[in-house]
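Below you'll find the structure, written out as structure tokens, and then a few comments.
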Amino acid sequence: MRLAHLSDIHLNTFFKKSNIIKTKKLLKLALEKDCDHLVITGDISDNSEKKDYIIFKKILKSFDLLDSSKTSIIIGNHDIFGGVQTALDVVNFPAKCLTTNYEKKVDEFVRHFEELFENCYFPINSKIFPYSKMIDKIQLIGLNTIDYYSRIRNPFASNGKIYKDQLKGIKQIFSNKEFNPKHRVVLAHHHFYKNNEEATSSNAVWNKIESYTLKLRGKKNLLKLFRRKRC
């Protein structure tokens, strides 16, 4: 089975129009390479805009990928808190994050891509994440690794955290005997390594700051669990 992984496309019709074209090219390439399933690990929108979700949904539909059996998706920090495009945004961003309704943003994201959450197993009542689905003999497990905003622990809204309820949900997925996967693939927005790459974009200062704050708290417990379950 061949998986294609797409992440951080950061759609923005005003500041990053070229990302739409790039996304289409990547999807076209994935299909040309006989991709069996597409996984998308967050930051669909650069600034948590509904219009970006609508655009991406149309793109997926145009490639016949708006289907849970063909595509899996999770949420990213920009899908909840947005980001910065101008120098003024850097100043106003903390206040914006403080007024962001985290749960509402997650629900909004899921509603826009509801077709991709069909035929999934949800271990936690009333919550989409974590979820699991079987594609052939592969078990895909989608996480929400985005931490809540905090001026001290998450000042740039880019850090992640695995909360106890989600860790419990992951354990329930692993213990569900209805699944008999040959392999497991876990989808997470946050990386599990230290990012030492230097920023090169027009927002280099902001990106440099983020490179020191893109941390995933609770990853040690998660990695231990993955090792035990041979993910």
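For this structure, a couple of remarks:
One line per residue, one yes/no per condition, for (1) closer than 27 Å to LEU66 by Cβ; (2) at pLDDT 95 or above:
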position: GLU115; (1), (2): yes, yes
position: ASN125; (1), (2): yes, no
position: LYS133; (1), (2): yes, yes
position: LEU140; (1), (2): yes, yes
position: ASN154; (1), (2): no, no
position: ILE162; (1), (2): no, no
position: HIS183; (1), (2): yes, no
position: ASN196; (1), (2): no, no
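- Under the condition of being farther than 17 Å from ASP147 by Cβ and either modelled with pLDDT of 75 or more or of a type in the set (Phe, Trp, Tyr) (or both), the residues counted in the range 207-231 number 7.
- Among the residues of the range 40-70, those that are in contact with a Leu (Cβ under 7 Å, 6 or more places away or on another chain), of a type outside the set (Asp, Glu) and either modelled with pLDDT under 95 or buried (at least 24 other Cβ atoms within 10 Å of the Cβ) (or both) comprise ILE40, ILE44, SER45.
Okay, residues lined up against (1) more than 13 Å from PHE113 (Cα to Cα); (2) in contact with a helix residue (DSSP H, G or I) (Cβ under 8 Å, 6 or more places away or on another chain); (3) free of Cβ contacts under 8 Å to residues at least 12 places away in the same chain:
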site: LYS17; (1), (2), (3): yes, no, yes
site: ILE20; (1), (2), (3): yes, yes, no
site: LYS33; (1), (2), (3): yes, no, no
site: ASP64; (1), (2), (3): yes, no, yes
site: GLY76; (1), (2), (3): yes, no, no
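- Of all the numbered requirements in (1) more than 20 Å from the chain's Cα centre (by Cα); (2) more than 25 Å from HIS37 (Cβ to Cβ), ASP136 misses one, and that requirement is (2).
The values are calculated or read from the model by the stated rules, or taken from the named source; none is laboratory data. On a predicted model such as this, the values are computed, not experimentally measured, just so you know. Here the Cβ is made from the backbone with ideal geometry for all residues, glycine too, and neighbour counts use every protein chain on show.
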